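Report on one structure; see the data block that follows.
Please treat every number below as a calculation from the coordinates, not as lab data. Please read all numbers here as calculations on a predicted model, not as lab measurements. When we count neighbours, we look across all protein chains shown, and the Cβ atoms used for this are built from the backbone with ideal geometry, even at glycine.
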Amino acid sequence: MKSSLIEKLGVFLLKDGFTIKSLTRTCFDLLARKQDKILLIKVLEDANAVTKEYTDAMNTVSSYIGAVPVIIAEKAGNKLENNVLYTRFNLYTLNFTTFINSIRNKFPFVKRTQAGFTASIAGNKLRKKREEKGYSLNYLSRKVGVTSRMIDKYEKGDSEITLNKAMKIYDVFGHQVFNEINIFSGNNEIESKYKSDFSKKYIDLGFEAADTNKTPFDIIAKKNDELILTKVGDKERPDFSSLSKLLDADNLVIFKKKKPKNVPAVTKEEFLEFEKANQLIKFLKEF
């Protein structure tokens, strides 16, 4: 099920003009890029299987590379409904159909929360549409099953309403009076989180940096437009260089015993000897 969904996603994204990179044994399954739009996608049969460790890692990486992290699944216990937005550990979660519609700028306006299914009314749009059709507050209140005072409240600001009331309003005005949820508008702030000597060194050099889990690299660092993906150890990862290329990033290997070929590499001692960020950047660019 998961592999077929990844295949469907890949075919769709390629047809839509994205360049994609498929990965295994990482916190995300697909990295997709189309110009400045970068998507970090985790594919699951059941979204309830995702762990906070994975979502935290996706959020960290996404903030550094300017990506939008999403989970695409068929169910979360129960089947995920079309054109409904769910969340898992604050990560947007949606089914394949909702994802396709979002890529085509047909965003969902219904979301699943602890309070159940809700929608956000755009008050000014509701008032404008009601007045265009010549409906009174009393007429619309009878249609929706609330008081005219409540309709007046809806029109004076954005309001979260139950799906039952939302569908009654939808039957009268359609989707245009609701606030759509642009799943691609997220913008996480970069946060430095060091656990190792290497990430701490990056921070000392003036970079934002974080150790990463369940990714093809061990450290991600950024300073202005310079993005560096760093792998620590002698075990090679074949997709490391191609991933860096897709992200317009430099890559660095900090090796222990075996120096890799065709990639910038230093020992731990050599890395810790860098005194300025531009020394490291120059080394990477000259390789």
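Quick notes
- Verdict on ALA265 being more than 15 Å from LYS223 (Cβ to Cβ) and touching a Leu at 6+ places or on another chain (Cβ under 8 Å): yes
- In the stretch 111-137, the residues that are under 23 Å from THR93 (Cβ atoms) and out of contact with any strand residue (DSSP E or B) (no Cβ under 9 Å at 6 or more places or on another chain): GLN114
- Cross-chain or 6+ apart pairs with Cβ under 9 Å, the stretch 114-136 first and on the phi > 0 side of the Ramachandran plot, then among the β-branched types (Val, Ile, Thr): GLY116/THR162
- Selection within the stretch 248-262 - aliphatic (A, V, I, L, M) and either farther than 17 Å from THR215 by Cβ or in a strand (DSSP E or B) (or both): LEU252, VAL253, ILE254
- Subset of the stretch 109-121 that is aliphatic (A, V, I, L, M) and touching a Leu at 6+ places or on another chain (Cβ under 9 Å) - its residue that is surrounded by the most Cβ atoms within 10 Å (Cβ to Cβ): ALA119
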